[in-house]
1. Semi-axes of the range 57-96's equivalent ellipsoid from the Cα gyration tensor, sqrt of 5 times each eigenvalue, largest first, rounded to whole Å?
2. Take Ser74 and Lys445, extend 7 Å from each Cα along the Cα→Cβ direction, and tell me the distance between the two endpoints in nm.
3. Cβ under 13 Å from Asn330's Cβ, Asn330 left aside: what net charge do those residues give with Lys, Arg +1 and Asp, Glu -1?
4. Can you give the charge dipole size of the chain about its Cα centre, rounded to the nearest 20 debye, using +1 on the beta carbon of Lys and Arg and -1 on the beta carbon of Asp and Glu?
5. Could you pull out the pairs from Lys141/Lys434; Lys405/Lys434; Lys351/Lys387 whose alpha carbons sit more than 29 Å apart here?
6. Given the protein chains as shown and a 1.4 Å probe, how many square angstrom of Phe26 are accessible, to the nearest 10?
7. Mind listing the long-range amide H neighbours of Lys405? Cut-off is under 5 Å, sequence gap 5 or more, other chains count too, H placed in the peptide plane at 1.01 Å from N.
8. Placing +1 on the Cβ of each Lys and Arg and -1 on the Cβ of each Asp and Glu in the chain, which of Ile136, Val34, Ser221 has its Cα farthest towards the positive end of the resulting dipole?
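The values are calculated or read from the model by the stated rules, or taken from the named source; none is laboratory data. Quick caveat: nothing in here was measured; it's all calculated off a predicted structure. Glycine gets a Cβ as well: all are built from the backbone with ideal geometry, and neighbour counts include every protein chain shown. The area values use the complete protein model at the heavy-atom level, side chains included, leaving out ligands, DNA and RNA. Shrake-Rupley method; radii C 1.70, N 1.55, O 1.52, S 1.80 Å.
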Amino acid sequence: MLFNSIEYIFMFVPIVFIGYFLLNKFKLYETSKVFLILASLYFYGSYKIEYVGIIVLTILLNYAISKSFQKDISLPWKKTILVSGIVANILILYCFRYFSFVMETLSKLSICPVDTFKILMPIGISFFMLQQISYIVDCYKQTVKTYTFVDYTLFVCFFPQLIMGPIVRHQEMIPQFNNIKNKVLNQNNIFIGLFIFTVGLLKKVVIADEFTPFINYVTDSQVYGNFYISWLLGLTKILQGYFDFSGYCDMAMGSAFLFNISLPWNFNSPYKATSIIDYWKRWNKTLMRFLQDYVYKPLGGDKLGEKRDFINVMITFFVYGCWQGMTIPNILYGVINGILVCVNKLWAKLKIEIPRPISIGMTFVTLIFLSTLIMARNLGDTARLLKSMVGIGASFEPISILDWKFVFEVKDFTALSISIPILVLAVACVLFLKNSSELSRIYVKANNIIYTCILAIVFVFSVLSITKSTEFLYFIF
């Protein structure tokens, strides 16, 4: 079941919404939480029923680990339990996410038959596993209050943030589930939720999905030799990634608001960043928060001198690259970003100010170049794309404009075309317009019937644009 599906919008959410608040109306607070857990597990199991067993097992494992820290045991034993717990979680993540990839690689070398090693990969496992790792680390540090098993389970599998985040913390979620004020209908939160959800739905079905056929055609057909196609591929890839992922996060946040739960904002206009450091403060903020608090800072952060700081940055971004995918291009993507962050830190010492529009443009173009690492199938394709983008051995066939579309001079015109209005709208949104957080504050503050009517029109238009429920890019995580 996808956020951008008729089933989710008009069946699942209304049924869960009514059931949850009816139970709370009769003061069946614990029952309402169990109901929300069962609804969340149904939501997760709607993809594949086997997923439910996997997430339940991880919940049981990590809750047992967290409870062990409350026992009167020595510090060395607690450290042993913590390390064992982290290793166990990483092994689970590795087995389900990366083991099949390793086996497929070995099969290509005729070392073993791949069919023997097919392993089910639960969607979103990287997100809820990181969430649980952060929880047991906090339990070890004794910064966690005693939570019931119901509270912990709901924290992990609450359906809006279950599949693709944001990666939430226990202290920002569980108290909300237990707050009596959140047990009753809140008209203001309902309007905020509907607004944010609608913005996210628009991002996904109207903008992100528009770029998918073009990107898939170019990458599948490996049409990398044309200068204009290569640049447009890089541009549409970073736009698709943003509108797909931020669209999901908006729909997640909007869904949660209906239940009076506030999730953390995951994006803050990342393509308005004036540097790579600024970009990583704005993109997937909860993941970067996790890496900073549980990788970068434990390594020493920037407290042990400049050289050690650079090493810690590189390790952190290497981990990020591995999280993206255990492939050479993905790991290189992380490593190169780490290098650029270190260069940024050195540049900042020179205190040379660059005009904001120029710095934004430079960062944006850099991100387009970096996108070649995460969209090409191998390093050879990446090299071909980069050469084409700088004009080395590239062709410069003209672009036609037909029916408000850029059409490229290839055999299949319909497959290799891009809607000009959608492209202009996408670029305008990321570089000039306000983001979802800013728009929601304006909407609430205005309390204007005209805005509500516009919202209703956009919602209807977005729903009518759902020709098919396309999956989100980060489902493979």
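1. Working through the eigenvalues yields semi-axes of 21, 12, 4 Å.
2. Once both label points are built, they end up 5.9 nm from each other.
3. +2
4. That gives a dipole near 1400 debye.
5. As for pairs spanning more than 29 Å Cα to Cα, those are Lys141/Lys434; Lys351/Lys387.
6. Spelled out: Phe26, probe radius 1.4 Å, area about 140 Å².
7. Residues meeting the criterion, in which the H sits 1.01 Å from N, are Ile420.
8. Towards the positive end, the residue furthest out is Ile136.
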